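K.L.:
Quick one: structure below, then a few questions.
The values are calculated or read from the model by the stated rules, or taken from the named source; none is laboratory data. Bear in mind that the values here come from a model prediction, so they are computed numbers and not experimental data. Note that we place each Cβ from the backbone using ideal geometry, even for glycine, and neighbour counts take in every protein chain shown.
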Amino acid sequence: MITPVDTVKYYQEIIDHIGARIRQPVRMVHRRTYEEMDGLLERGEVKIAFICSAPYVKDRERFGVELEFMCYLVFREIEALETSDLRAAGEFVEKQERFSGEFLRRWIPPFCERIKENTENGFYAALAQCASTFIASSRPADLRAAAGEGPMAASR
């Protein structure tokens, strides 16, 4: 059985690894409740949080967790390309495809519709329309191939 002390130790190992990878200090922040941690996220006082399943389901639209994860996948693809690891880069493109289809395309279009319905600012309405059209009609592999980049373009 893993104790709370063990859990903190394992999380600290993850934190230390992240800090080493990004070459910046990273520290673990604890709060007693999910609501307190949510407040830190909302105010930008913490950038990343380990989120349990129930709070994730409850708050996922509030914090853009999926967008951050997509950014991570793109970053990993770039790292693979920088080391000429086309196999790994292709795997990250496939993960982006799957993640986009299974998650992003499910909530971004309805979210954008709510923005268009509730804003009086034409800029935000146009931005919401652009984002909705983009996510509904694009695939990560298609975008990279069209730009002449990524593992799909490199294999031509």
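K.L.:
Looking at region 133-155, can you tell me whether even one residue there is of a type outside the set (V, I, T), under 25 Å from G44 (Cβ atoms) and modelled with pLDDT of 75 or more? Working first, answer last.
P.N.:
Our first condition is that a residue be of a type outside the set (V, I, T); within region 133-155, this holds for 134, 136-155.
Remaining after also requiring under 25 Å from G44 (Cβ atoms): none.
No, every residue in region 133-155 fails to be of a type outside the set (V, I, T), under 25 Å from G44 (Cβ atoms) and modelled with pLDDT of 75 or more.
K.L.:
Name the residues in region 81-101 that are more than 28 Å from V46 (Cα to Cα), part of a helix (DSSP H, G or I) and not basic (K, R), would you?
P.N.:
L81, E82, L86, A88, A89, G90, E91, V93, E94, E97, G101, listed by residue number.
K.L.:
Among (1) of a type outside the set (V, I, T); (2) modelled with pLDDT of 85 or more; (3) assigned by TED's automatic domain parsing to the domain that holds R114, there is one condition C71 misses while meeting the rest; what is its number?
P.N.:
(2)
K.L.:
Among the residues of region 41-68, which ones are among the hydrophobic types (A, V, I, L, M, F, W, C), assigned to a helix (DSSP H, G or I), surrounded by fewer than 15 Cβ atoms within 10 Å (Cβ to Cβ) and at pLDDT 70 or above? Quick ask: steps written out before the conclusion?
P.N.:
Step one: list which residues in region 41-68 are among the hydrophobic types (A, V, I, L, M, F, W, C), which gives 41, 46, 48-52, 54, 57, 63, 65, 67.
Now restrict to residues that are assigned to a helix (DSSP H, G or I): 41, 54, 57, 63, 65, 67.
With surrounded by fewer than 15 Cβ atoms within 10 Å (Cβ to Cβ) added as a condition, the list becomes 54, 57, 67.
The one that is among the hydrophobic types (A, V, I, L, M, F, W, C), assigned to a helix (DSSP H, G or I), surrounded by fewer than 15 Cβ atoms within 10 Å (Cβ to Cβ) and at pLDDT 70 or above: L67.
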